[in-house]
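Below you'll find the structure, written out as structure tokens, and then a few comments.
The values are calculated or read from the model by the stated rules, or taken from the named source; none is laboratory data. The shown structure was predicted, so the numbers you read here are calculated from the model rather than taken from an experiment. Here the Cβ positions follow ideal geometry from the backbone for every residue, glycine too, while neighbour counts run over all protein chains shown.
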Amino acid sequence: MYIQELKRQRKAKKRQKVVNLVLVVVNLALYAFMAVILSHPTDLSDNVIRPHKAPNIKPHVRLIKLTTKNPEQEVKVREIADQMGYKNTEYLIKLLNCESNLHPEWTNNKKNYPKGSRDRGIAQINSYWQKQVPDSCAYDLTCAVKWTIKKLEAGQNVWACRNYIK
């Protein structure tokens, strides 16, 4: 008799736990529903709840995870690559980040070949090997990125960082 009473009490406790869990879930759902209702303005004249109009968002906008410590420049580089229809944007970002940390004003005078040449701008365009690129282009973000994309599309990967990134 005593064992049967214990079994009955255990079943009752299990049922009570299930009921309590259901009540918690229902309450959470109710709170969430009320939060949505209260966050939207209402027009009580016809007893209809009207949510805010959605903001005017362009349908082609995609969320991207920025991968560098220079987000303003990264966004600009991505925009230029998109405008040019360049598909390997992630490689381009990694390359430019490796070369200059996405700083269009950087200059490197150390350990260049031939001695005395300098690497210029966001893409570190060498003053000796790329004589055709003037300083005005090498230090201009848009011009340097476009030049870099053209070189990459032509299969001319002339950067030291090509060996360190994938």
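Is it true that ALA144 is in contact with a strand residue (DSSP E or B) (Cβ under 9 Å, 6 or more places away or on another chain) and either buried (at least 18 other Cβ atoms within 10 Å of the Cβ) or outside any loop (DSSP other than H, G, I, E, B) (or both)? Even if it seems obvious, please write down each step before you answer.
Values: in contact with a strand residue (DSSP E or B) (Cβ under 9 Å, 6 or more places away or on another chain): yes; either buried (at least 18 other Cβ atoms within 10 Å of the Cβ) or outside any loop (DSSP other than H, G, I, E, B) (or both): yes.
Yes, satisfied.
Looking at this structure, is VAL77 in contact (Cβ under 8 Å) with a residue 12 or more places away in the chain and within 19 Å of the chain's Cα centre (by Cα)?
yes
Residues in region 18-32: is at least one at pLDDT below 75, farther than 30 Å from TYR164 by Cβ and not in a helix (DSSP H, G or I)?
No, because not a single residue in region 18-32 is at pLDDT below 75, farther than 30 Å from TYR164 by Cβ and not in a helix (DSSP H, G or I).
Just checking, how many residues over region 131-142 are farther than 21 Å from VAL75 by Cα and touching a residue at least 12 places away in the same chain (Cβ under 8 Å)?
Residues that pass the stated criteria total 2.
Can you tell me which residues in region 131-141 are in a loop (DSSP other than H, G, I, E, B) and touching a strand residue (DSSP E or B) at 6+ places or on another chain (Cβ under 9 Å)?
Those that are in a loop (DSSP other than H, G, I, E, B) and touching a strand residue (DSSP E or B) at 6+ places or on another chain (Cβ under 9 Å): VAL133, TYR139.
With the requirement that a residue be among the polar types (S, T, N, Q) and surrounded by fewer than 15 Cβ atoms within 10 Å (Cβ to Cβ), what does region 109-141 give you?
ASN109, GLN132, SER136, listed by residue number.
Anything in region 104-130 that is among the small types (Gly, Ala, Ser) and either without any contact (Cβ under 8 Å) to a residue 12 or more places away in the chain or more than 18 Å from ASN70 (Cα to Cα) (or both)? List them, or say none. I'd like the intermediate steps shown before the answer.
Applying the first criterion (among the small types (Gly, Ala, Ser)) to region 104-130 yields 116-117, 121, 123, 127.
Residues satisfying the conditions are GLY116, SER117, SER127.
Select, from ALA12, ALA35, ALA54, the only residue that is assigned to a helix (DSSP H, G or I), over 30 Å from TYR139 (Cβ atoms) and modelled with pLDDT under 70.
Result of the check over ALA12, ALA35, ALA54: ALA35.
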